[in-house]
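Okay, structure first, notes after.
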Amino acid sequence: MFGAIRSFLAWLSLSEVRRYGAVVASNFITILIQIVLVFASGSLALLSDTVHLGSDNVVTAGSLVVALISVRATKAADSLIRKWFAFSGIILLWIGAYHVLGEAGERMAHPVDIKNWWVLIGGILGGTGNLISLVILRTAPHGDHNHTHSILNWHVLFDFLFSVVVVISALLAITYDMVGVDTWISYRMALFMIGLGGFLFAQVLGGHEHHH
């Protein structure tokens, strides 16, 4: 089994298209699983994590598109594609964050029963998906360690940290039977997402979109 995994990673290391495609696929599967667990648990923290991963996967998809057409496209076209995928990811991030903020405000007044074991499973599976994506990105040879590669690594790392926060919130709720932890955590995650979106928006407008 480990030999097959090593062979697969070696195959991925030969092409940016393969690597970014594998990351997009890994993230997409993780998102689908987390969506199911969001409905099963009622967790806003897990929803925040899922939205953040979805936003980042839009950016990764943009890098995949650029890698697919890089031979035929000009640098200006590459830049434009990355910029519009980046804007799309930011808009998704903001929409999700404002939804979570509104729901969190409602739940502060009218608490909702959270299925914390499902939240814990969602956080663990989300973190595992992020680690798989990091391993895939790390297969890149040194010559491919460009700006895009670095940016995507940071995106996946932040996704992993979001999953860790979800796991911690679920463990606190389960261990100490604490009510309202999910709402408290998700409210702050949403504020962070709004601020992060603003920072990324300024970066893209300033011409610091993800250059190849």
Go through the stretch 146-157 and give me each residue that's open to solvent by less than 80 Å² (accessible area, probe 1.4 Å) and either modelled with pLDDT of 90 or more or not polar (S, T, N, Q) (or both).
H149, I151, L152, H155, V156, L157
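Would you mind stating whether V119 is more than 13 Å from the chain's Cα centre (by Cα), open to solvent by less than 30 Å² (accessible area, probe 1.4 Å), closer than 24 Å to L32 by Cβ and touching a residue at least 40 places away in the same chain (Cβ under 8 Å)?
yes
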Reported set for the stretch 62-74 where residues are part of a helix (DSSP H, G or I) and within 15 Å of S15 (Cα to Cα) is S63, L64, V65, V66, A67, L68, I69
Does D182 satisfy the criteria of being touching a helix residue (DSSP H, G or I) at 6+ places or on another chain (Cβ under 9 Å), closer than 22 Å to A40 by Cβ and not β-branched (V, I, T)?
yes
Checked the stretch 13-30 for anything open to solvent by 20 Å² or more (accessible area, probe 1.4 Å) and farther than 13 Å from V135 by Cβ; matches are L14, S15, E16, V17, R18, G21, V24, A25, F28, I29
Which condition from (1) farther than 26 Å from S48 by Cα; (2) in contact (Cβ under 8 Å) with a residue 60 or more places away in the chain is the one that T74 breaks?
(2)
Please state which one of G143, G126, G105 is touching a Phe, Trp or Tyr at 6+ places or on another chain (Cβ under 9 Å) and loosely packed, with under 15 Cβ neighbours inside 10 Å.
G105
Would you confirm whether any residue within the stretch 75-91 is modelled with pLDDT under 95 and either within 19 Å of V166 (Cα to Cα) or not in a helix (DSSP H, G or I) (or both)?
no
Residue in the stretch 155-174 that is free of Cβ contacts under 8 Å to residues at least 12 places away in the same chain and more than 20 Å from the chain's Cα centre (by Cα) present
yes
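Does T175 satisfy being of a type in the set (S, T, N, Q), modelled with pLDDT under 95 and surrounded by 14 or more Cβ atoms within 10 Å (Cβ to Cβ)?
Details: of a type in the set (S, T, N, Q): yes; modelled with pLDDT under 95: yes; surrounded by 14 or more Cβ atoms within 10 Å (Cβ to Cβ): no.
In short, no.
In the stretch 28-72, how many residues are at positive phi and among the β-branched types (V, I, T)?
Step one: filter the stretch 28-72 for residues at positive phi, giving 42.
Remaining after also requiring among the β-branched types (V, I, T): none.
Qualifying residue count, the stretch 28-72: 0.
Tally up the residues in the stretch 47-87 that are under 19 Å from I31 (Cα atoms) and either open to solvent by 60 Å² or more (accessible area, probe 1.4 Å) or β-branched (V, I, T) (or both), please.
First, pick out the residues of the stretch 47-87 that are under 19 Å from I31 (Cα atoms): 47-64, 85-86.
Restricting the remaining residues to those that are either open to solvent by 60 Å² or more (accessible area, probe 1.4 Å) or β-branched (V, I, T) (or both) gives 50-51, 58-60, 85.
Total meeting the criteria: 6.
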List the residue pairs whose Cβ atoms are under 6 Å apart, where the first residue sits in the stretch 1-29 and is outside any helix (DSSP H, G or I), the second is of a type in the set (D, E, K, R), and the two are 6 or more positions apart or on different chains.
none
Mind checking which residues of the stretch 32-46 are among the aliphatic types (A, V, I, L, M) and open to solvent by less than 20 Å² (accessible area, probe 1.4 Å)?
L37, L44, A45, L46
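The values are calculated or read from the model by the stated rules, or taken from the named source; none is laboratory data. Here the structure is a predicted model, which is why all the values come from computation and not from measurement. Here Cβ is always computed from backbone atoms with ideal geometry, including for glycine, and neighbour counts include all displayed protein chains. With ligands, DNA and RNA removed, areas are computed over all heavy atoms of the protein, side chains included. Shrake-Rupley method; radii C 1.70, N 1.55, O 1.52, S 1.80 Å.
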